[in-house]
Amino acid sequence: MSFEELRSVVEVPEAGDAPLIMAGPCSAETEEQTLATARQLAAGGLKVFRAGIWKPRTKPGGFEGVGKEGLAWLKRVKEETGMLVATEVAMRSHVEQALEAGIDILWVGARTTANPFAVQEVADTLKDMGATDIAVLVKNPVNPDLELWIGALERLYNVGVRRLGAIHRGFSYYGSGFYRNLPQWHIPIELHRRIPQLPILIDPSHMGGKRELIGPISQQALDMKFSGLMIESHCSPDEACSDRSQQVSPEALRIILSSLVVRNEHRDTENLQNLRQQIDSIDTELLELYGKRMEISREIGKYKKEHSMPVVQESRYDDLIKSRVAAAVRMGMSADFMKTVLQAIHEESVRQQIEILNRQEPDMDGHLV
Ligand code: PEP
Ligand code: MN
């Protein structure tokens, strides 16, 4: 299948080639939470809002979403902030209600993509309603099966959906580990090779499962030239009804996004990983060297204590700074950078020497002096 007629998922005219960023809570929980989150995200410049209304849960009894009621809140988000709104659909009634409410973008969740009957039902509903012009994003199936993922895209394409995209959120596995869902980057990379014109967004929230991983995974996604990000953001993440540990406040998200670098040059993943490994091992060496340096500092501290010398000797410090800064500049680093580094090292050295100076040591008779 060629997917020749694919059109862009979202037109954000001022965005140019910038990555598409969708953000919003895992679930719409209350009208206040939905609107407060959306207002803050819109104020941060985001244009596409996501929120789950129907939540597929692993086991019964969890928070299964607010259902239809939440669609009215998304409608308000759209009217008040001008953002496009997106929600997850898994069956005919979801699609009908979402379309009635004027939702702009639908997404098919990972558990649904794994079920061809459900995907076909979503596709058929769009066809029956004459609504194939809507944008649909298809998350990868929970299991690492590229054909199943492409199959879901085909089912939608076959009924006439042309504004199609994919979302890579990682693949589930038995047990627990660093990632909530494994990236297995070769799979979305192969999807891109097979359907180059299909936009692929990365969902660092479900992939990492924890807040700290949103920034690093997002940067990795941009470095690998994926088309955008879908990130979970909640106005009070610690109180969220679902996926609490992986949601960030709109303000935290703004900081994460502003720290991301969109690089223009092409780098392949293997090369990038190789370079990162080199950085890691240099950092380890640096740490070891700092440790050794501090050890010597402590020796000097003991010497100074025994000879009743002051900890800081101005002239020695000035000479040290001058010679090191000059060397750093010769190596292409800025003088300011080297001064800052040396100052921080010096401060830690002094702190360690003062500790030694103040340490009470037992005398020959075992008394603390
Ligand atoms: C979601 O986006 O909130 C969600 C349920 O994701 P997934 O289908 O990737 O688990
Ligand atoms: Mn979620």
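Assorted remarks:
- Scanning the stretch 237-258 for residues that are over 15 Å from Ala28 (Cβ atoms) and within 12 Å of ligand 1 (Cβ to nearest atom) yields a count of 1.
- Residue that is nearest to Val66 (Cα to Cα), among those in the stretch 26-35 that are open to solvent by 30 Å² or more (accessible area, probe 1.4 Å) and part of a helix (DSSP H, G or I): Glu31
- Taken over the stretch 212-245, the criterion of being within 13 Å of ligand 2 (Cβ to nearest atom), part of a helix (DSSP H, G or I) and open to solvent by less than 30 Å² (accessible area, probe 1.4 Å) is satisfied by Ile214, Pro237.
- Of all residue pairs spaced 6 or more apart or on separate chains, those with beta-carbon atoms under 7 Å, a first member in the stretch 241-255 that is in contact (Cβ under 8 Å) with a residue 60 or more places away in the chain and a second member that is among the basic types (Lys, Arg) and not in a loop (DSSP other than H, G, I, E, B) are Gln246/Arg211.
- Ala23 being under 25 Å from Gln247 (Cα atoms) and assigned to a strand (DSSP E or B): yes
- Looking across the stretch 107-137 at every residue that is part of a strand (DSSP E or B) and within 16 Å of ligand 2 (Cβ to nearest atom), the one that is nearest to Gly165 (Cα to Cα) is identified as Leu137.
- Restricted to the stretch 167-211, and to residues there that are within 13 Å of ligand 1 (Cβ to nearest atom), out of contact with any strand residue (DSSP E or B) (no Cβ under 6 Å at 6 or more places or on another chain) and part of a helix (DSSP H, G or I), the residue that is most open to solvent (accessible area, probe 1.4 Å) is His206.
- Any pair with Cβ under 7 angstrom, 6 or more apart, that starts in the stretch 50-76 at a residue that is touching a residue at least 12 places away in the same chain (Cβ under 8 Å) and open to solvent by 90 Å² or more (accessible area, probe 1.4 Å) and ends at one that is outside any helix (DSSP H, G or I) and more than 14 Å from ligand 1 (Cβ to nearest atom): Lys75/Ala101; Lys75/Gly102
The values are calculated or read from the model by the stated rules, or taken from the named source; none is laboratory data. Values in this document were obtained by computation on a predicted structure and should not be read as measured data. Note that we place each Cβ from the backbone using ideal geometry, even for glycine, and neighbour counts take in every protein chain shown. Side chains included, ligands, DNA and RNA excluded: accessible areas come from the protein's heavy atoms. Shrake-Rupley method; radii C 1.70, N 1.55, O 1.52, S 1.80 Å.
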